[in-house]
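**Q** Quick one: the structure is below, and I'll ask about it shortly.
The values are calculated or read from the model by the stated rules, or taken from the named source; none is laboratory data. In this text the structure is predicted, and so the values were computed from the model without any measurement. Here Cβ is always computed from backbone atoms with ideal geometry, including for glycine, and neighbour counts include all displayed protein chains. Remember, those area values only see protein heavy atoms, side chains included, never the ligands or the DNA or RNA. Shrake-Rupley method; radii C 1.70, N 1.55, O 1.52, S 1.80 Å.
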Amino acid sequence: MDQRIFFTADALKATFDGHVTKSRAVGLDGVRLNHFSKSIDAEVSIIEQKVFSSLYGFTGYREKLISRGASKLPRQLSIPTVRDRLTLRSICNCLSVLAPHAHAMPPHAHVKAIAKHVRGSDEPLSFLRMDVRDFFPTINHELLTNALVKAGAEPFLVTLILSAIRNPTAIRRSGKINTIGVPQGLSISNILSAIYLSEFDAEQRKQGIYHRYVDDILVVAPSQEINKRYISLFTQLNALLLKPHPLGVPGKTEEKRISEGVDYLGYRISKDDIGIRASSYKKMFGNLLKVLTSFRFSKSMEKTLFKLNLRITGCFIDGRRRGWLMFFSQTENLGQLARLDKFVVQQMTRLKLRSVLGGQATFLRSYHEIRYFGEASRYIPNFDTYTRSEKAQTIALLTDKTLAEVEARNAEFIDEQFDKLIAREVSDLEADVLAALS
């Protein structure tokens, strides 16, 4: 396969239409998607020329910090410019063909597979969960280069990837060059980490039931074999210059009997049930309370109700599911969702919000809509399908402008304002999920 075909002008334009137009993020250069699209022919020509001459340079990534709770440092995400996002997505497309084994299963697929296995076995089994400390920031560039070469990456592609991961992330344009690690938040981050661990993953699968989602590993094995599996995991991760937590660190690296259940990817998985783990569940009460108490200081009940409902239902945007319940849609413990609904009603009553009580969404209905209707649901917002009129109404709702003022503006203004406002709301939804996983 000629890997350069992914960086020709025609391929770049197809990638832009198929992937990049679904992302609303803005990089350090401040260029928005709609402005970039107006000069797409010139832009893809520049990318093609610079990639083929090995002269492509990435603009410093914009820093975005996501809270992981009061006692933890925030997670740093790297936001590229639109041009760099297109180049990175093209790298990702190339690597997906080059290393098809590196495609990661989504979290819910891991959870379903683990539950199915433990329920179908009569053996005395145990879980071994292992967590890698600072996974992305400690990926070694030399070892990653070796893995890329083994996967068949051509020299120009390796050079381009190294340029991407060495590129600094900062609030301003200046920043420190990365000599180790892979920036988080890029379209290539997960597939690079999977290529880095491809031989490790293959070896662990030979030894039995093994699941890995990014830096969170779970093994299911006969209880008498758990110590052997732990030694294998720990030794091989150290050889990759990664730092797994040692056995016995609660919530990080620990052994659990099947009967006890195990916390994995925010879920509590046991032989009898899949539920939301206690810490993740508890955090959602706090998230809801923050939104509910904001009713008291809001000039617009409708605006705050919009935010509350979005927190409950989640949404569809950029072709993806976003939100806490979207992530936890594999739960079988509907009692947990019913208690959240009861909590919302209790707090709305306590805060004397009777004028909007009954207008709130519910977790139970949202759960059924997600499970049985998906993107076809009319109950859960799908921002990808919003009409110009719906966008104008949303802008008026979330700002101090009247609907007449918004509708008087041109289409470009409405699209841009809608994208900015919804991106802010979606950021809160992503923070909920990250907090649930931390």
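**Q** Along the charge dipole of the chain, Cβ charges K/R +1 and D/E -1, which of Ile66, Pro106, Phe316 sits furthest on the positive end?
**A** Positive-most Cα among the choices belongs to Ile66.
**Q** Going toward the positive end of the dipole of the range 119-239, with +1 on Lys and Arg Cβ and -1 on Asp and Glu Cβ, which of Ile177, Ala147, Pro137 do you reach last?
**A** About the Cα centre, the residue reaching furthest to the positive side is Ile177.
**Q** While we're looking at this one, here's another question. Direction-averaged shadow area of the convex hull around the Cα atoms of the chain, nm²? Write down the numbers at each step before the final one.
**A** Numbers: hull surface 90.0 nm².
So the Cα hull casts an average projection of 22.5 nm².
**Q** Using only DSSP helix segments of four residues or longer, with each worth -39500 (n - 2.57), what per-residue ellipticity at 222 nm results for the chain after dividing by its residue count and rounding to 500? Don't skip to the end; give the middle numbers.
**A** Values: 18 runs with 217 residues, N = 438.
For the chain, the value works out to -15500 deg cm²/dmol.
**Q** Can you give the relative contact order of the range 223-314 as a percent, counting alpha carbon pairs under 8 Å and 6+ residues apart?
**A** Values: 57 pairs, mean separation 10.5, N = 92.
Reported as a whole number, the value is 11 percent.
**Q** Tell me the carbon and sulfur percent of the accessible area for the range 318-438, rounded to whole percent, probe radius 1.4 Å. Write down the numbers at each step before the final one.
**A** On the way: 2920 of 6120 Å².
With neighbouring chains kept in place, the figure for the range 318-438 is 48 percent.
**Q** May I ask you to rank Thr21, Thr399, Thr179 by accessible area, largest first, using a 1.4 Å probe over the protein chains only?
**A** Thr179, Thr21, Thr399
**Q** May I ask which of Lys112/Lys150; Lys282/Lys342; Lys206/Lys228 have a Cα-Cα span longer than 22 Å here?
**A** Over 22 Å apart, Cα to Cα: Lys112/Lys150.
**Q** While we're looking at this one, here's another question. In debye to the nearest 20, how big a dipole does the chain give about its Cα centre with +1 on each Lys and Arg Cβ and -1 on each Asp and Glu Cβ?
**A** On the way: 62 positive and 46 negative charges, 299 e Å.
That gives a dipole near 1440 debye.
**Q** In the full protein assembly as shown, how much of Arg409 is accessible to a 1.4 Å probe, in Å² to the nearest 10?
**A** 120 Å²
**Q** Report in % the part of the accessible area of the range 196-249 that belongs to carbon and sulfur, leaving out ligands and nucleic acids; probe 1.4 Å.
**A** Details: 1390 of 2500 Å².
Answer for the range 196-249: carbon and sulfur cover 56 percent of the accessible area.
**Q** Now for a separate question. Put +1 on the Cβ of each Lys and Arg and -1 on the Cβ of each Asp and Glu in the range 278-431; which of Gln417, Ala392, Phe285 then has its Cα farthest toward the positive end of the dipole?
**A** Farthest along the dipole direction, towards plus: Phe285.
**Q** Round to the nearest 10 and report in Å² the accessible area of Arg365, as given by a 1.4 Å probe over the protein chains' heavy atoms.
**A** 120 Å²
**Q** Roll a 1.4 Å probe over the protein chains and send me the accessible area per residue for the chain in Å².
**A** Working: 20730 Å² over 438 residues.
Per-residue value: 47 Å².
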